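Participant: Pasting a structure here, questions to come.
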Amino acid sequence: MDFEKDWAQQAWEKTMQKVSETSQRIGDRFPHASVDGVYKLEPASWWTAGFWPGLLWLLYRESKDESFKQLAESCEQQLDQVISDYYKLDHDIGFMWTLTSVARYKLLGAEDSKRRGLLAANLLAARFNVNGNYIRAWNPWCEGEDNSGWAIIDCMMNLPLLHWASEITGDPRYKHIAIRHADMAVEHFIRPDGSVNHIVIFDPQTGEKLEVNGGQGFAPESAWSRGTAWAIYGMTLSHLHTGDPEYLDAAKRAANFFIANLPEDYVPHWDFRLPEGIPAYRDSSAGAIAACGLLLLDEQLGGEGSALYRRAGERILHSLFTNYGAWESESEEGLILHGTSHFPEGKNIDVPLIYGDYYFVEGLSRLLGHGELFW
Ligand code: GLY
């Protein structure tokens, strides 16, 4: 066994062992950020609801442990309660149903999951603004707010649900929307140096671009590392589903920027452009997401990639395993320490995040050559 497979296999075994224990505590609920060792729970309508069941499906695929399957299925069933909740659901429908219903459909061929996935795809498609070519991100967060012109880079990861729906139904409408949104993102989100805007605001009537908002990054002109990671993986997935080289170029630009700005241990700070005096916490989740994107980008490039992206993806995952893993701490429910969810709002800073855990496990499963992508 070569070195890479050796450590990845060890990491996989440690993950399996830890989740066997933590799954008894977390159960079929919806963890988000682990504070003082315990995962705080969110309602089923929160954007992170798919990551825990998605992680359980990745482990079930190899272990066939029925308890993982039952928990993941129960999480998916609970999402039925929110699919009709017009006010709470936003563009993150993609994250939520790809890692529950699409995953179960791909693994087990379950018809009820296929139906749920298609319904979710309809709701996501319905958020498309035809004049601005963007999928609207959120609904108003408070009374009177109008964010109907807001689009965010994270949405690139929601597009695979639309590609899947077109593939399953033979109806191209879904993928047409995914392509129009991705083209818009290449134009308005990926900057020439490969850094990425988090939020772009359009006039929802005319579709004209109005301004850029810093969102979860430090400032509009800074470089939120998780946003760059969403761009790397999302653009690479758009290339996977369409074969359009424009997305591959955009992914490479974002990847080059990301890799060039990594610190020595290969795990990014929460923003790559922080002024002096602002705490440079790590965001391990950005590292895990980017690693998955880099591994796929390398595969997409075939022989042309000189393995640069694969090596970077492996190094990030290896560093997360050796320097950031909570393997020795029985009282910690998270797998990967030091994620930063939302620094500007002071939320969930320097803690394990369920999406960091999910993408770490997905990255390992890619390194070990386990089955097909859920995306
Ligand atoms: N999609 C929200 C985030 O990355 O925090």
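Participant: Tally the residues that are among the polar types (S, T, N, Q), more than 15 Å from the ligand (Cβ to nearest atom) and surrounded by 24 or more Cβ atoms within 10 Å (Cβ to Cβ), restricting the search to the range 221-248.
Facilitator: 2
Participant: Would you check which residues across the range 24-54 are of a type outside the set (A, V, I, L, M, F, W, C) and part of a loop (DSSP other than H, G, I, E, B) and list them?
Facilitator: Gly27, Asp28, Arg29, Asp36, Gly37, Glu42, Pro43, Ser45, Thr48, Gly50
Residue-wise test of (1) under 11 Å from Ser225 (Cβ atoms); (2) over 19 Å from the mean Cα position of the chain (by Cα).
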residue	(1), (2)
Tyr247	no, no
Phe258	yes, no
Arg273	yes, yes
Leu297	no, no
Glu304	no, yes
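Participant: From Gly287, Gly325, Gly371, Gly356, which residue is more than 16 Å from the ligand (Cβ to nearest atom), among the small types (Gly, Ala, Ser), in contact with a helix residue (DSSP H, G or I) (Cβ under 6 Å, 6 or more places away or on another chain) and touching a residue at least 40 places away in the same chain (Cβ under 8 Å)?
Facilitator: Numbers: Gly287 fails: more than 16 Å from the ligand (Cβ to nearest atom); Gly325 fails: in contact with a helix residue (DSSP H, G or I) (Cβ under 6 Å, 6 or more places away or on another chain); Gly356 fails: more than 16 Å from the ligand (Cβ to nearest atom).
The match here is Gly371.
Participant: Give me a count of the residues in the range 335-353 that are within 16 Å of the ligand (Cβ to nearest atom) and either in a loop (DSSP other than H, G, I, E, B) or of a type in the set (Val, Ile, Thr) (or both).
Facilitator: 10
Participant: I need the full set of residues from the range 72-113 which are free of Cβ contacts under 8 Å to residues at least 12 places away in the same chain and either within 16 Å of the ligand (Cβ to nearest atom) or under 19 Å from Glu362 (Cα atoms) (or both), in order please.
Facilitator: Residue satisfying the conditions is Leu108 alone.
Participant: What single numbered condition from (1) over 14 Å from the mean Cα position of the chain (by Cα); (2) within 16 Å of the ligand (Cβ to nearest atom); (3) surrounded by 24 or more Cβ atoms within 10 Å (Cβ to Cβ) fails to hold for Ala251?
Facilitator: The failed condition is (2).
Participant: Of the numbered conditions (1) surrounded by 17 or more Cβ atoms within 10 Å (Cβ to Cβ); (2) free of Cβ contacts under 8 Å to residues at least 40 places away in the same chain; (3) within 27 Å of Arg136 (Cα to Cα), Lys69 fails exactly one; give the number of that condition.
Facilitator: Here Lys69 clears every test but (3).
A quick yes/no check of all residues on (1) modelled with pLDDT of 95 or more; (2) not acidic (Asp, Glu):
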position: Asp92; (1), (2): yes, no
position: Tyr134; (1), (2): yes, yes
position: Cys142; (1), (2): no, yes
position: Asn147; (1), (2): yes, yes
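Participant: Here is a follow-up. Do we have Val19 as hydrophobic (A, V, I, L, M, F, W, C) and in a helix (DSSP H, G or I) here?
Facilitator: Taking the combined requirement at face value, the residue satisfies it.
Participant: Any idea how many residues of the range 130-168 are out of contact with any Lys or Arg (no Cβ under 9 Å at 6 or more places or on another chain) and closer than 13 Å to Gln205 by Cα?
Facilitator: 2
Participant: Hey, any hits in the range 157-168 for a residue that's more than 16 Å from the ligand (Cβ to nearest atom), on the phi < 0 side of the Ramachandran plot and without any contact (Cβ under 8 Å) to a residue 24 or more places away in the chain?
Facilitator: The answer is yes; a qualifying residue exists.
Participant: For residues that are without any contact (Cβ under 8 Å) to a residue 40 or more places away in the chain and of a type in the set (Asp, Glu), tally how many sit in the range 1-54.
Facilitator: Count: 5.
The values are calculated or read from the model by the stated rules, or taken from the named source; none is laboratory data. Note that the structure is a prediction, hence the values are computed from the model and not measured. Counting neighbours? That spans all protein chains shown, and the Cβs are built from the backbone with ideal geometry, glycine included.
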